[in-house]
1. For region D:159-198, what are the residues that are of a type in the set (A, V, I, L, M), surrounded by fewer than 21 Cβ atoms within 10 Å (Cβ to Cβ) and not in a loop (DSSP other than H, G, I, E, B)?
2. Can you tell me which residues in region A:239-262 are in contact with a helix residue (DSSP H, G or I) (Cβ under 8 Å, 6 or more places away or on another chain) and over 17 Å from A:PRO290 (Cα atoms)?
3. List pairs: first residue in region D:166-188 and at the interface with chain C (Cβ under 8 Å from one of its Cβ atoms), second residue of a type in the set (Asp, Glu) and crowded, with 21+ Cβ neighbours inside 10 Å anywhere in the structure, Cβ distance under 8 angstrom, at least six positions apart or on different chains.
4. With a cut-off of at least 3 residues that are touching a Leu at 6+ places or on another chain (Cβ under 8 Å) and either away from chain D (no Cβ under 14 Å) or of a type outside the set (Phe, Trp, Tyr) (or both), name the helices (runs of 4 or more DSSP H) lying wholly within region A:1-77.
5. Please work out if D:GLU301 is more than 14 Å from chain B (Cβ to nearest Cβ) and over 27 Å from the mean Cα position of the chain (by Cα).
6. Restricting region D:168-183 to residues that are out of contact with any Lys or Arg (no Cβ under 9 Å at 6 or more places or on another chain) and farther than 23 Å from D:PRO35 by Cβ, which is farthest from ligand 2 (Cβ to nearest atom)?
7. Which members of region D:87-106 meet the condition of being in contact with a strand residue (DSSP E or B) (Cβ under 6 Å, 6 or more places away or on another chain) and either at positive phi or within 16 Å of ligand 4 (Cβ to nearest atom) (or both)?
8. Could you check region D:56-88 and list, in sequence order, the residues that are in contact (Cβ under 8 Å) with a residue 24 or more places away in the chain, closer than 27 Å to D:ASN124 by Cα and among the polar types (S, T, N, Q)?
Amino acid sequence: MRVTMAETTYVEAIREGIWEELERDDSVFVMGEDIGVYGGAFKITKGMLERFGPLRVVDTPLSESAIVGAGTGAAINGLRPVLEMQFADFMACGFDQITNFAAKCRYRWGQQVPMVIRAPAGGNIHGGPFHSQNVEMPYVHTPGLKVVQPATAYDAKGLIKAAIRDNDPVIYLEHKYLYRSVKEELPPDDYTVPLGKAELRREGSDMSVITYGWMVHEALAAARQLSGEGISVEVLDLRTLVPLDRHAILATAKKTSKVILLHEDTLTGGLGGELAGIIAEHAFDYLDGPLVRIAAPDTPVPFSDALERAFLPSADKVAEKARWLHRF
Amino acid sequence: MRVTMAETTYVEAIREGIWEELERDDSVFVMGEDIGVYGGAFKITKGMLERFGPLRVVDTPLSESAIVGAGTGAAINGLRPVLEMQFADFMACGFDQITNFAAKCRYRWGQQVPMVIRAPAGGNIHGGPFHSQNVEMPYVHTPGLKVVQPATAYDAKGLIKAAIRDNDPVIYLEHKYLYRSVKEELPPDDYTVPLGKAELRREGSDMSVITYGWMVHEALAAARQLSGEGISVEVLDLRTLVPLDRHAILATAKKTSKVILLHEDTLTGGLGGELAGIIAEHAFDYLDGPLVRIAAPDTPVPFSDALERAFLPSADKVAEKARWLHRF
Amino acid sequence: MLMMRELEERIELKLYRQGKIVGGCYTGRGQEAIPVGSAIHSRPGDWLTPSHRDMAALLIRGITPREILAQYTGRAGGLTNGRDGNMHMGCARRHCVPIISSIGASIPVAGGLAFAMRYRGESNIVFNYSGDGATSRGDWHEGLNMAAVMQLPVVYLCNNNLYAYSTPLDKQMKNPHIGERAASYGIPYEIVDGNDVLAVHNAAQRAVAHARSGEGPYFVECKSFRVSGHSAHDPADYVPKSLHEEWARRDPILMLQKHMVEEHGADEQDFVNLRRQVLAEIEDAVEWALAQPFPDPATLEDNVYERV
Amino acid sequence: MLMMRELEERIELKLYRQGKIVGGCYTGRGQEAIPVGSAIHSRPGDWLTPSHRDMAALLIRGITPREILAQYTGRAGGLTNGRDGNMHMGCARRHCVPIISSIGASIPVAGGLAFAMRYRGESNIVFNYSGDGATSRGDWHEGLNMAAVMQLPVVYLCNNNLYAYSTPLDKQMKNPHIGERAASYGIPYEIVDGNDVLAVHNAAQRAVAHARSGEGPYFVECKSFRVSGHSAHDPADYVPKSLHEEWARRDPILMLQKHMVEEHGADEQDFVNLRRQVLAEIEDAVEWALAQPFPDPATLEDNVYERV
Ligand SMILES: Cc1ncc(C[n+]2csc(CCOP(=O)(O)OP(=O)(O)O)c2C)c(N)n1
Ligand SMILES: Cc1ncc(C[n+]2csc(CCOP(=O)(O)OP(=O)(O)O)c2C)c(N)n1
Ligand SMILES: [Mg+2]
Ligand SMILES: [Mg+2]
């Protein structure tokens, strides 16, 4: 029951990608809370139970740590689990299994763990402190894990397929706000998007915005605004956070000499710092202005619309900083 | 039974600090695994059970998450828990309680959580992948938590006392290698070291090394080496990672114009990036060379001496990079 | 009890559908007997950690419909000043810990609250509320075991409503009697009809007496059924109709009314009057809440840390 | 069994004290009957997740004293190539998961290994080893419950040796019978004398038959005692002398020897010969291990991710 409408949403794209990998490889299975009969809190696994049966579409008790631990065990024993965390925020409950066991198996004893942990992340859905967090950094900081976050439906499908075929544990962060807000026509063929490759979303000459996830769209909106003001902004979508595409990061920094590092996640200890570290060390001679970080402030994610709007980075906030940087 | 020898080790300094706060404030208590009769895996709580009794020196089952959760509940209900994680690596088991509950109470409902979580961290003790990790970053990245790591016996005592008196949850990271390798004479009086204040360990004019924990000593050793070569290196010991002393960080960067960001923790997503982000944004005009990050490579901590020596940053590695930066 | 019912109905059926409530929307419809029959025993010095089905516990603690509706509508002056949403509400002054979204996390926290009571030699206790789903979490286990070992004064009210979101009991546990787990930790337990407020009341009374007297924790499993969907967006087609029919007959409010009529000579008019009062209070609360300002964005970064 | 004893003695009493072993040093002295009596039932397709007291399980799986000593001495060619230390060893080829230091974490992992067996319709099973301390971890609970719900083929060998590091059983759990917890999940269990290798053998045999036949998990609590300190650095003064005396009489090797003499006509000479063989093999292994090179620092960053 593939969806056949001309345009595919981000949420459907993920679902199609998993579906195709389930068809393609018997060792792939999905496991998580409420993913069977219910089809998952966000309907990513809708219809999979009927098609692939209860052995490959596994409803679990409310046990994130056991889901990750069991997934890792299954991966060690030859399967390719695709685990669903109902919300990225609750991945914290499996933190020890992810960072202390799964991530270290290959290094400790040469044992591969081909496992994907999918987690609905991000805000702008009035989810409040527990259902809006961006959780990439602890995993970006854990050697042995790969981390991706698609910004488009095309990448959502291509990256989930690549992640499932990858032989290392991959944290696949899907943005809840993008689920139904972005869609596009997808090629009918079996394609993947390689892990570790960033994508230039817009060419520009005056400055670069390096970002990922939902913020790619805010950056593009800002770039459109600014082009009207004669400021030419390049937008790089990282797509994969580990391994980072250092080549693309340094190339755009060297090209425009002014860089804005943008993410929805909170500022301190966010990816912006890592990017600043790479650029300030390896493209220093090319820089014509300060590296500007734009991120959420260091607070939990507030619930009330008035507060959440103030909390989240946006096209307007990017445009404002960009004007400042352009004058610099 | 205060230790009275002239010089106090780092491990004794922590013990004295906790001891004095237990004497000073009835609401302070210590809780953790094997901390009572046994006095703790590293003997930090030695003798406390005898002195303060089982109500204030609480042995728990092997339950990190419950230790943190119960500590948070006790703090909400008016006490000042000082929790011991037997190794920082196992704090991962309490990750959800720390980051999703304790850290967010004040923001969500105005409820303070005056709690200290002590965790023996760091390598150079042949502890291998599970007993050597530096775990600061996920906590640095969690709004609502404070994070400290002392480098000296003086700070170890002053910071644990300040942390216990602080009204926010504080992650207190003690370095296992420093426990018995550093000692100094401590003032007899009741002193604290304020959270959020870095300490200039050595003045210099050619470049700055910004670091914390054990690496402060490696940086100082490198600085001594380099002074013989006519390179004058300033060493800033952050002491507190949250809140960061931005003033001291920017001051030293602006003063020397060349900065090395050094930590024992692994590179990608480590604090070095955050520091680079602050400096490259707010001291850009003052920089005369690339920001150089020195950190452990992105691997788990290996066990075998030959590998661990190659893994850990050291005075020699700092000196080598410093010479390169000096020539730049 | 009626207040919780009507208030939640208003929130779910009116405000939510009118879009005046943003974010998720959970109710405890048909399970009101559990918080009502238990929280009624609480004293001012006690602490409660209600779940997302226990609005009545908050009402009993003196939290007003005005405050609750301001919370649901994300207003300043709501219980969390708009920082947290819907039933993620609590109040330090009235000793209610707001829901910790991580299901099961409240169990160790309840132990810590109780530890402090014992530490100071108080006779206060903690009321912890959680569901069948929470029993699958590691925190549930660690928290109960620690409370048993340390003999902490906690009364656990477990709302076994047969589902965790869409997951039926048999996919959560092989042995459907949660109380038997408590026993394996050495914690005394009872299993009661969670829709019979008097049964809950009596079991809770025994549990409270046990905990207050310093004999340690006590576990009450309340067998009930989640009449509503998991939250307002969930039609819950995964629940067999038969279950609905079976439990419709066991509505806790109807059961109590029947009891009031038979045992205490109450009549229809009493209930009509009560309902009128309740609805009037809700009218007032809705009006008040919707008149409250939204939080000032300038306060966004306040109260992450203590201001010093 | 004797090999494990002598090998560990050599490691702890000689190599460790000589400083040839760096890092911690844990032994299962006096608890050898648990891995020996159980792992003996394992088939090549089975998986094992031994604890830090179960070196015999590795030996039974064909891991050699040479490999073990190279591991302990941090050499290249050791089981983890010097990346991990001492008993943190395992081997994918021989289906032994190296210890996961986070106590209790191996229980859900065992479930996942077993899930894959069921997924492929194999009759293989998983042997999971853990201690009394592990029972306090959330992972222990989540893993056992999940295995019960999913009917996964796991045999749990629980080494209840009365201590978790310095923590005696009564500070870990109110009810000292861990098996009763398994029962509360709906998992069949037995409690046996963990120092009687035949008793362990027989219980494990029943457990293995149960799991292989697809009837789901089975739990064996082995009552034993940690004769050694927690690790080589721990004098364990917190353990009452009386316990040592009581259990010294119950040494599993002495008990087995007595049985061999009484039931199978073995005599002192047989044991002397066996011991001689074992010591000779250890001699060779020590020599070999100490002759192995240390890992090449140039390999430090290999194998974090798949090389592509
Ligand atoms: C750790 C964690 N995982 C998943 C969720 C998402 N979630 C919220 S409520 C719920 C079901 C809870 O079931 P139960 O405890 O029985 O309470 P009920 O809703 O039935 O009253 C789930 C899965 C969560 N909040 N926390
Ligand atoms: C999550 C976690 N917390 C603490 C430790 C430190 N530690 C290692 S072994 C141990 C005691 C384990 O006791 P038990 O499970 O009974 O095994 P035993 O050593 O008695 O055989 C502790 C506390 C750890 N390894 N993991
Ligand atoms: Mg339920
Ligand atoms: Mg033990």
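Just so you know, all these numbers are worked out from the coordinates, no wet-lab data involved. Owing to the predicted nature of the structure, the values given are computational and were not obtained by experimental measurement. So basically every Cβ, Gly included, is an ideal-geometry build from the backbone, and we count neighbours across all protein chains shown.
1. Here is the first cut: in region D:159-198, the ones of a type in the set (A, V, I, L, M) are D:162, D:164, D:169, D:173, D:178, D:182-183, D:187, D:191-192, D:197-198.
Narrowing further to those that are surrounded by fewer than 21 Cβ atoms within 10 Å (Cβ to Cβ): D:162, D:169, D:183, D:191, D:198.
Once the filter is applied, which keeps residues that are of a type in the set (A, V, I, L, M), surrounded by fewer than 21 Cβ atoms within 10 Å (Cβ to Cβ) and not in a loop (DSSP other than H, G, I, E, B), region D:159-198 yields D:LEU169, D:ALA183, D:ILE191, D:LEU198.
2. Going residue by residue through region A:239-262, those that are in contact with a helix residue (DSSP H, G or I) (Cβ under 8 Å, 6 or more places away or on another chain) are A:239-242, A:244, A:246, A:249-250, A:253-254, A:257-262.
Those that are in contact with a helix residue (DSSP H, G or I) (Cβ under 8 Å, 6 or more places away or on another chain) and over 17 Å from A:PRO290 (Cα atoms): A:ARG239, A:THR240, A:LEU241, A:VAL242, A:LEU244, A:ARG246.
3. Qualifying pairs under 8 Å: D:LYS171/B:ASP59; D:GLN172/D:ASP132; D:MET173/D:ASP132.
4. Values: elements: A:10-24, A:48-52, A:64-76.
Qualifying helices (runs of 4 or more DSSP H): A:10-24, A:64-76.
5. Working: more than 14 Å from chain B (Cβ to nearest Cβ): no; over 27 Å from the mean Cα position of the chain (by Cα): yes.
Against the criterion (more than 14 Å from chain B (Cβ to nearest Cβ) and over 27 Å from the mean Cα position of the chain (by Cα)), D:GLU301 does not qualify.
6. Applying the filter and picking the extreme gives D:ALA183.
7. We begin by selecting, within region D:87-106, every residue in contact with a strand residue (DSSP E or B) (Cβ under 6 Å, 6 or more places away or on another chain); these are D:90, D:95-97, D:106.
D:HIS95, D:SER106, listed by residue number.
8. Within region D:56-88, D:THR64 is the sole residue that qualifies.
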